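Enquirer: Below is the structure I would like to discuss, written out as structure tokens.
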Amino acid sequence: MTSICRYLILVGFLAMGAARAAEPFPQPPELQPDVDFWVAVFTDYSTDEGVLHDNRNLAVVYDRLQMPAKLSRRERNRRVDKRRKALQATLRGLAAGKRDNLSAEEARVLALWPENVSNSELAAAVQRIRYQQGLRERFRSGLERSGRWRDHINSEFTALGVPVDIAALPHVESSYNPDARSHVGASGIWQFTRSTGRRFMRVDHVVDERNDPFAATRAAGRLLAYNYSITGNWPMAITAYNHGLAGVRRAMRKYGDTAYVEILRKYNGRTFGFASRNFYVAFLAAREVDQNVDKYFPGVVPEKPTPYATVKLPTYVSVKGLSKALNVSAKQIARHNPGLQATVWQGSKYLPKGYDLRLPTAATNAPLDRLIASLPGDATFAEQLPDMYHRVARGDTLSQIAETYGTRVSTLAALNQLGSSHRIRAGQQLRLPAAGPLPAAPAPAAPVVQTPAAEEPAVVASAAPVSQPVEEMTPGAMASDLASSMLGTIQTALLSDPSDYSVADDNTIEVQPLETLGHFGDWLDIKTQRLRDLNGLAFRTPVAVGQRIRLDLGTVDAKAFEERRIAYHRAQQDSFFRQHVISGATEHTIKRGESIWIIALRQYDVPLWLFRQYNPTLDLQKVRPGTRVQIPLLTDAG
């Protein structure tokens, strides 16, 4: 072989390596079986069937079960449990070392595994049998629905520097169903939870932009761009969309920033369950189908986007007055403005000032902006209607409701004749202070009725609960909820907060903004002086952000401490994001004489804890001129 040929071959290999390195969505060969599994779930298996499979090795699919929609939940659970128990019995026999005189079923199950599979691996597989419902019809419908918003998604993502391929993600999250609601409170095509949604859009009892695909898309782009700015690669940015930034950063520190196979195969973080491990590979599968529709769903035609006119309301507007002036029914206005809450359509709230009203251009007989500018006086108002009642949503607590309306828990409890436990339930209507006091002789309170299993569960609402990350469903839990077939976004307490609130193996923690030794003492149920003695800190010496502090876990264990710590930070952040929304980010280069505190608090009016979330690796005590930092830009929540 000539030297020229060798040179050309070398150049070719280098070019191939560079191309792979530049690939924003790498797909290592080791993950191909996982991607293939989800492609099959999306395209081969119908919603009237499902598969029992190993939840760690997705190449092992044990059986395909028929699950017609007409079957009751109990019958579907019975079928899954019966087949699972039979498979478990077979696996136990093989795990005991049986390799001769195998039955046809034993030989079939063993053949699903590699030839050198160990007895210990088969024994572990006994408890890893998971049921997955097919999604073919849902995915097909999602492909059709996606046409309504794909142009908008591509435009928003391009402007934000987010790859347009990520437009495939709602296939995993919601099948592009704008009415999708998850059992953990996530909503809309991008499945935002309330706490995460409030960072980037308005989410309250008047407007919930999570349900507006246009507003939610902009928010999703901002969240993904933020995740990428922290993780530095798209596989982990996408995984963080589901699992949260803090957990993803811990995995990256342990295995490496781009050790995708090791992270998805080996990382055993307490909340890194099946959904988190599979979110990126499910995205790759959805992307494969989305970009090859004719191969998997020949004949599918995406819906056409609706040509819209949009105008910002200059004042508060009543639904009745707006409908009359535009000659458009309230039902049609609601259809094209899904972000408006029921309070607006019930007449207890006006359409808010500054709201971007959207209607099809063909819906009105004159330009929308001209019609809005000429609204009659009896349709417009200078102020919003006062809050009179609140309908409890799933996940609400009395303390959160009190904070939303600027009142006290005790006031709400008295107005609504709540008992000492302050128990409320989803769907319950609570009287607010603006509605006035109760009648002098109120009717006797209705007896407490136990909530049936099919209804929303009661919520203990005397204080804000700790929202624990949802671990992977156990086989029994998954079988009992066959309708929960999408991976969905995990409900974590602080999904978009990259801060590490965990206790390390050596019983130390990293001090975060807003924290003091007093907080740590309260969360540990010990005196602050004990922490000073343990850490050699003189009296009145403050702790610094980023400093490591050793804990005394003799009274409260690490898990309970973390729960209290996260609950505190969630309360602080939820309160802030009820008033502010992140509208973007900008880069600032530190100049001589500047400090982080002056830049964040005075120049940009950003609290230090939020600044650090955008710069989690920055040592605040060692900032030098020329250092470039990211600054979130804030606007009022509405």
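None of the figures in this text is laboratory data; all of them are computed from the coordinates on show. Being a predicted model, the structure only gives us computed values, none of them experimental. Neighbour counts run over all protein chains shown; Cβ positions are idealised from the backbone, glycine included.
Enquirer: Mind listing the phi-derived Karplus ³J(HN,Hα) values for the range 609-618, rounded to whole Hz, using 6.51, -1.76 and 1.60 with θ = phi - 60°, and x for any glycine or proline?
Expert: Running phi through 6.51 cos²θ - 1.76 cosθ + 1.60 with θ = phi - 60° gives 5, 6, 4, 5, 5, 8, 9, x, 9, 7 Hz.
Enquirer: In bins 10 Å wide, starting from 0, what share of all Cα pairs of the range 579-636 does each bin hold, as a percent?
Expert: 22, 62, 15, 1
Enquirer: Can you give the Rg to Rh ratio for the range 48-133, taking only C-alpha atoms and Rh from Kirkwood?
Expert: With Rh from the inverse mean 1/r over Cα pairs, Rg/Rh is 1.00.
Enquirer: Further question: Ranked from highest to lowest mean number of other Cβ atoms within 10 Å per residue, what is the order of the peptides 115-125, 607-617, 212-222, 156-166?
Expert: Put in order of decreasing packing, that is 212-222, 607-617, 156-166, 115-125.
Enquirer: Would you please calculate the Kirkwood hydrodynamic radius of the chain over all C-alpha pairs and express it in Å, rounded to one decimal?
Expert: 27.8 Å
Enquirer: How many angstrom separate the Cα center of the range 180-249 from the Cα center of the range 288-328?
Expert: Using only Cα atoms, the two centres lie 21 Å from each other.
Enquirer: Taking θ as phi - 60°, what are the ³J(HN,Hα) couplings along the range 190-198 by the Karplus curve (6.51, -1.76, 1.60), each to the nearest whole Hz, with x for Gly and Pro?
Expert: 9, 6, 7, 7, 4, 5, 6, x, 5
Enquirer: While we're here: Ignoring everything except DSSP H segments at least 4 long, calculate the 222 nm mean residue ellipticity for the chain; use -39,500 (n - 2.57) per segment, divide by total residues, nearest 500.
Expert: Only helices count here, giving -12000 deg cm²/dmol.
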